[in-house]
C-alpha cells in the first residue's frame, strides 16, 4: 500500500496533481491549508481515496485531526498549528508524541511549518512532508507490517 502525504497547497493544486500522478498512491492524506483546492483535485483521481484535515487557513467542513488504520498501524494526522510546530520544534514533538500516545498512534503526520522533517521518537515515525507550494511531499509505503517513509520533491 502506498500513501501520499501532502500539506500547504496555498492555491498550487497543479503541483499536488503532479505528485498524485507521479506517485500513483492508493490513498492521500492532506494536512491542511488549501482544502478547497485539493477537494477539487480529488475528483480527478477517482481510484485514489483521500483523507483531509483543515489547517489554519481553511474554513469549515473537515476535522482538525484524525486517526486512520493503515498497514496495521494507527496514523494520527493534523495540520499542527495547535501543537506549536512552527515555533518550538522539540516542544512540538513532545506534544505530538503525547497526543500519539493518547490515541495509540504509531505514525504522526503534520504540516504547517512548510519545512519537511522525518524523525523517529519513542518508536514512532513523525513526518512533516513540507509544502506542496515548495514542491515537497512525503510518501509512506507498506510491505506487510513494515513501513518505509520518504520525503520527496518534484
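The values are calculated or read from the model by the stated rules, or taken from the named source; none is laboratory data. For clarity, every value in this text was computed on a predicted model and none was experimentally measured. Cβ: placed from backbone, ideal geometry, glycine included. Neighbour counts: every protein chain shown.
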From the residues in the stretch 91-103 that are free of Cβ contacts under 8 Å to residues at least 24 places away in the same chain and in contact with a helix residue (DSSP H, G or I) (Cβ under 6 Å, 6 or more places away or on another chain), which one is surrounded by the fewest Cβ atoms within 10 Å (Cβ to Cβ)?
95
For the stretch 5-33, the count of residues that are assigned to a loop (DSSP other than H, G, I, E, B) and under 17 Å from residue 153 (Cβ atoms) equals 7
Leading residue by the ranking (nearest to residue 8 (Cα to Cα)) among those in the stretch 137-153 that are in contact with a helix residue (DSSP H, G or I) (Cβ under 9 Å, 6 or more places away or on another chain) and buried (at least 19 other Cβ atoms within 10 Å of the Cβ):
137
Sort out which residues of the stretch 104-126 are at pLDDT 95 or above, out of contact with any helix residue (DSSP H, G or I) (no Cβ under 9 Å at 6 or more places or on another chain), assigned to a strand (DSSP E or B) and farther than 14 Å from residue 8 by Cβ, and write them in order of number.
118, 125
